[in-house]
Amino acid sequence: MDKYLSVTAITKYIKYKFDQDPHLQNVFIKGEISNFKRHSSGHLYFALKDDKGVLSAMMFKSNANQLSFEPKEGDQVLIEGRIGIYESRGSYQIYVQSMQLDGVGLLYEKFEALKKELMEKGYFNSEHKLNIPKYPRKIAVLTASTGAAIRDICSTLDKRYPLAEQVLISTLVQGKEAKDNIINNIQQADAMDVDVIIVGRGGGSIEDLWSFNEREVVEAIYNCSTPIISAVGHETDTTLSDFVSDVRAATPTQAAVIATPDINALYQLIANARQYLTKHVTQSIQQDKQKLKQLSSYYKLKTPSLLYDQETQKLDDYQKQLTRNLEQTILQNKHKIDILQNKLRIAPIYNKTIQYRQDYDRLNIMQNQLINRIITQKKQILKSKLAQLDALSPTQIMLRGYSIIEKNDKIITSKDDLNVEDDITINLKDGKIEANVKEIR
């Protein structure tokens, strides 16, 4: 009897043993994906390794379609499957039935899923972003009470804008209780009438920063009515709080810079404004002085009697015109009366005489009405001109507290027209004063 077995026979025997071993039918293994390939058939082929060993693996298309993530080289995964023999090569491998990311990978998967959901709901849209006040009065800082983040934020605020009041709210930034503490502190700050809120912490792993990826924290930031600056981690770290906040800062220091103006720049702005105002006020004063000088040299103001003389002459002209118009009107109406009287004298019939008498009376009434109306109009014109003349007269000026100074019957308008020991006359509203010049200033 031949004692030698064929390769196929021994391979089948080993496969039979594998298939009959209940411990190999449902195994749970974790490791790192290596040499990952997706076949055109849809099946997945890869190796599962750790620091000391390598295990071949394959996953049929029907199971691969159930995955919630896209496997890639280097992923740490948790696998459930069975161990079997591939007879053609005589090698054993794991036939993967389900696979999920391990540890950090799960967090990244959860991060991407929640990010996609919130983005579709519009949580990150720009129309929901609030503007950061240009000159904040009060700034709330939510971070751990110890550590580099609080020191960086406070020192930057003190340096850039010491006018703003800082409200420090000690906040848990990692751990099981961090989520609720962050939410409560955001709501507390929102009710304190602050102008801006800074939420931040130093860098760390995705596990350390995970509190800022929690759905409830994102919703608390979204619903906050006060502008929020997110400064979680370093520049390369990104959390969902960064996406939903009104402004994302790369570092806690940058958050303080975003929240405040530079006081040195404000000083320069004030100095520039003061210089601008001084220049334009000075120019305005010079222009007004020039206008005043021009008005002061106006000849009619230097010799006010010119105004009085002209208005007096106008008054005379109006009186002459009024007298002439009255005389002409009287002559015209007198002529009409004479005509009517002649008609009355020569009327041959009594009835005609009566008619002429009535006409005469009617014309006489019309004459008197016309004369009275003309006289009233002319009186009103005369009264108006007299009022204008009176307002311009030196007497009215003196009634308001002014006086007119004369020397040798000439009105004095400048100190240059006088010398010490000159005799002058001061005209007041109720008399004159004879005086002598003792000093000219």
(message) Quick check: with the 1.4 Å probe, what order do LEU78, LEU386 take by accessible area, largest first?
(response) LEU386, LEU78
(request) Report, by chain and number, residues whose modeled amide H sits under 5 Å from the one on ILE411, excluding near sequence neighbours (fewer than 5 apart, same chain). (result) none
(message) I'd like the Karplus ³J(HN,Hα) series for the range 256-265: coefficients 6.51, -1.76, 1.60, θ = phi - 60°, whole numbers in Hz, and an x wherever there's a Gly or Pro.
(response) 5, 5, 5, 6, 9, x, 8, 5, 5, 5
(request) Enumerate the calculated ³J(HN,Hα) couplings along the range 210-223 in order (Karplus 6.51 cos²θ - 1.76 cosθ + 1.60, θ = phi - 60°), each rounded to whole Hz, writing x wherever the residue is Gly or Pro. (result) 5, 4, 8, 9, 5, 4, 5, 5, 4, 5, 5, 5, 4, 8
(message) In whole Hz and in residue order, list the ³J(HN,Hα) couplings for the range 112-117 that follow from phi through the Karplus curve 6.51 cos²θ - 1.76 cosθ + 1.60, θ = phi - 60°; x for Gly and Pro.
(response) 5, 5, 5, 4, 5, 4
(message) If I compute solvent accessible area with a 1.4 Å probe over the protein chains, what percent of it on the chain is carbon and sulfur?
(response) 52
(request) Would you please give the residues with an amide H less than 5 Å from that of ILE404, counting only those at least 5 places away or on a separate chain, with H modeled from the backbone geometry? (result) ASN427
(message) If each DSSP helix of 4+ residues adds -39,500 (n - 2.57) and the sum is divided by the residues in the chain, what number results at 222 nm, nearest 500 deg cm²/dmol?
(response) -16000 deg cm²/dmol
(message) If you fit an axis through the alpha-carbon atoms of helix 350-392 and take the longest principal axis of the Cα set of the chain, what angle between them do you get, 0 to 90°, nearest 10?
(response) 60
(request) At most 16 other Cβ atoms within 10 Å and a DSSP loop assignment: could you name the trypsin sites (Lys or Arg not before Pro) in the range 63-109 that fit? (result) LYS72, ARG89
(message) Give me, ordered by chain and number, the residues 5 or more places off ILE198 or on other chains with an amide H under 5 Å from its own placed amide H.
(response) ALA140, VAL141, LEU142, ILE229
(message) Just to verify a number: FRET efficiency for LYS138 and GLN66, C-beta to C-beta distance, R0 = 56 Å, to 0.05?
(response) 0.60
(request) Could you grab the relative contact order for the chain? Cα pairs under 8 Å, six or more apart, rounded to a whole percent. (result) 8
(message) How large is the accessible surface of TYR267 in square angstrom, using a 1.4 angstrom probe and rounding to the nearest 10?
(response) 130
(request) Compute the length gained on full extension between LYS415 and ILE375: take 0.36 nm times their separation in residues and subtract their Cα-Cα distance, giving the result in nm to one decimal. (result) 9.5 nm
(request) Hey, could you grab the Kirkwood Rh for the chain? Inverse mean 1/r over distinct alpha carbon pairs, Å, one decimal. (result) 34.8
(message) Distance cut-off 26 Å, Cα to Cα: go down the list LYS72/LYS116; LYS293/LYS410; LYS320/LYS343; LYS49/LYS110 and report the pairs above it.
(response) LYS320/LYS343
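The values are calculated or read from the model by the stated rules, or taken from the named source; none is laboratory data. Source: prediction; values computed, not measured. Please note: Cβ atoms are built from the backbone with ideal geometry, for glycine as well, and neighbour counts cover all protein chains shown. Protein only, heavy atoms only, side chains kept; ligands, DNA and RNA dropped before computing areas. Shrake-Rupley method; radii C 1.70, N 1.55, O 1.52, S 1.80 Å.
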